[in-house]
1. Filter the stretch 201-222 down to residues that are open to solvent by 10 Å² or more (accessible area, probe 1.4 Å) and of a type in the set (S, T, N, Q) and give me whichever is nearest to the chain's Cα centre (by Cα).
2. Does residue 213 satisfy being modelled with pLDDT under 95, among the acidic types (Asp, Glu) and farther than 26 Å from residue 116 by Cβ?
3. How many residues does the stretch 296-305 contain that are in a helix (DSSP H, G or I) and either open to solvent by less than 30 Å² (accessible area, probe 1.4 Å) or over 15 Å from residue 67 (Cα atoms) (or both)?
4. Looking at (1) touching a residue at least 24 places away in the same chain (Cβ under 8 Å); (2) under 24 Å from residue 196 (Cα atoms); (3) open to solvent by 70 Å² or more (accessible area, probe 1.4 Å), which is the only condition residue 225 fails?
5. Based on what the data block shows, is residue 231 open to solvent by 10 Å² or more (accessible area, probe 1.4 Å) and more than 30 Å from residue 21 (Cβ to Cβ)?
6. Taking into account only those residues within the stretch 234-246 that are more than 30 Å from residue 88 (Cα to Cα) and outside any loop (DSSP other than H, G, I, E, B), which is least open to solvent (accessible area, probe 1.4 Å)?
7. If residue 249 meets every condition in (1) in contact (Cβ under 8 Å) with a residue 60 or more places away in the chain; (2) more than 16 Å from residue 91 (Cα to Cα); (3) open to solvent by 70 Å² or more (accessible area, probe 1.4 Å) apart from one, which number is that one?
8. Go through the stretch 269-295 and report how many residues are within 17 Å of the chain's Cα centre (by Cα) and open to solvent by 50 Å² or more (accessible area, probe 1.4 Å).
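The values are calculated or read from the model by the stated rules, or taken from the named source; none is laboratory data. Computed from a predicted structure; not experimentally measured. Note that each Cβ is placed from the backbone with ideal geometry, even for glycine, and that neighbours are counted across all protein chains shown. Note: accessible area is taken over every heavy atom of the protein model, side chains too, but ligands, DNA and RNA are not part of it. Shrake-Rupley method; radii C 1.70, N 1.55, O 1.52, S 1.80 Å.
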Amino acid sequence: MVTSQTQTALWLENKKFTIGTKDVEHPGPGEILVKNIATSLNSIDWKIRDHGFYMITEYPAVIGAEGAGIVESIGKGVIGLIKGDQVFYQSSLLNRSATFQQFVVLPTHLAAKVPQTLSLEQAASIAVAVAPAALGFYGPKPRGFEYLAPWEEGGRNRYKDQPIIIMGGASSLGQFASSFKYEVAKITSAQIELAFDTISQADTQQTLYDILDSEGKMIVSTPPVMTRKDNDKKTVLFVNGTFFTPDTREFGSRFMAALARMIADGEITTPAIEIVPNGLNGVEVGLERLKSNTVSGKKLVIRPWET
């Protein structure tokens, strides 16, 4: 039962989720209160459940990395958003903005208006999928490599002739490392100076690292564990794709606005989605599917108000 002061939330403690209640907080300066209509499930969610996360220091905790909803109220100084606007957003993984609950409070640089071509469920599937690559490639140093972004003046097609390897899909790559290197050599004879490992398991990290040019750059989504040589000049950057640290807020604000424009213009398409039934009660089932690698080519989406 939700009143004007409380809401339904999914609490995490001792690696287990429990449905409970939580106060609905008021937005502070530069913040918005959003009715959280849809939230996507991501691998980071089950990893936090099972292994914890350095930013979450107190339990029970609410987690959930991204969502979409309707602005309920705005804090002092908010410009460009009003009550009733539909927005999609990345959470800060703090209790007040985490998305496994029915209302979220978040700073405006983590949100952008939903393009008219998308449903809220589709919009909830975007931010986490693209944020790590955006921050890693284009974010300010030392958080990113600070390449000129395609949404900035002069950035479009600036690197079109530079090859990049992006590792995705299933793992167990180590046993096929030699053939993988051969296939890369067939595609391009150029030196590989940039790579992004979206899987970031030990074998995928090592394979990409070994392919890199002697002064190449590589982005990983989990802490690096590859074996490195002495006096190595290769650069490995661990990126978690979040914009809530002070040094990434300005970049995050520009990126979220640019992302909404690129989606509206058809330059970026959203992934297929599957609605997991039973609201927040469906989170555990969905996360187990992600953990067992039985989800492919789509994002799982929860509707918290169906709890």
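1. So the residue we want is 221.
2. Here the answer is yes, as residue 213 does meet what is asked.
3. So the count comes out to 1.
4. (1)
5. In short, yes.
6. Applying the filter and picking the extreme gives 236.
7. (2)
8. Count: 4.
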